[in-house]
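Participant: Mind looking over this structure? Questions follow.
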Amino acid sequence: AQSVTQLDSQVPVFEEAPVELRCNYSSSVSVYLFWYVQYPNQGLQLLLKYLSGSTLVESINGFEAEFNKSQTSFHLRKPSVHISDTAEYFCAVRGTGGGNKLTFGTGTQLKVEL
Amino acid sequence: GAGVSQSPSNKVTEKGKDVELRCDPISGHTALYWYRQRLGQGLEFLIYFQGNSAPDKSGLPSDRFSAERTGESVSTLTIQRTQQEDSAVYLCASSLRTDYGYTFGSGTRLTVV
């Protein structure tokens, strides 16, 4: 079984400032890792994923996340945020073995202010 | 369809009534999942269907909850004798068997009064 911890429930940040949303996971097996984003009044959308290969993965809108196996982390970063990045961000994990069930963290509300 | 469709988008029901929530996955997606998102909390796994295999029901919170799926198409989640603690957004997602990311629907917001 896997579990995900997102320690920060809310992260306020000014526009154009950098941001890091933390995600730590626990698993007895190898994992795939994901970040999902939920904009206000919308459904969840896949932001980026780590499956294998390079430990640094990027999204099309400037977010990146780095898989750190030794620290069991998959923190999400953006060097300069925009008002439109205001949303809830969920980290998720699943084992690489059989079954396809994602386990989600409790989410981090990113609020970008002017 | 182009995306995962859920209906109704909102449902208000009286305590003790039964409700049925519907999910239309993306055509060709063999895997279908139901999650529950309570206010201020993360996503809670409920049930997972993969093709013709037996569903993974390990997340269903009580025997008042059940779900069915016809082949690789529509799924319905039924909650019997609803309780106030069942109030939540119920999310459905689908994926290809070999895909690693889910596509989520917009959810059904259930309010039990």
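Participant: Could you list the square roots of 5 times each eigenvalue of the Cα gyration tensor of the protein assembly as shown, that is, the equivalent ellipsoid semi-axes, sorted largest first and rounded to whole Å?
Facilitator: 30, 21, 16
Participant: Additional query: For chain A, just run the numbers: alpha carbon Rg, then divide by 2.2 N^0.38 Å, N being how many residues it has.
Facilitator: 1.02
Participant: Sequence-distant or interchain residues sharing an amide H contact under 5 Å with residue B:67, placed H: which?
Facilitator: Hits under the 5 Å cutoff: B:78.
Participant: Follow-up question, since we're still on this one. If we count other beta carbons within 10 Å of each Cβ, what is the order of B:63, B:18, B:24, B:86, fewest first?
Facilitator: Starting with the residue having the fewest Cβ neighbours, the order is B:63, B:18, B:24, B:86.
Participant: Under a Cβ-Cβ limit of 4.7 Å, which cysteines in the protein assembly as shown have nobody to pair with?
Facilitator: Cysteines lacking a close Cβ partner in the protein assembly as shown: none.
Participant: What pairs in A:101/B:17; A:49/A:78; A:101/B:57 have C-alpha atoms more than 21 Å from each other?
Facilitator: The answer is A:101/B:17.
Laboratory data are not the source of any read-out in this text; all were calculated from the coordinates shown. If you're wondering where the values come from, they're calculated on a predicted model, not measured in any experiment. Because the Cβ atoms are built from the backbone with ideal geometry, glycine has one as well, and the counts that use them run over all protein chains shown.
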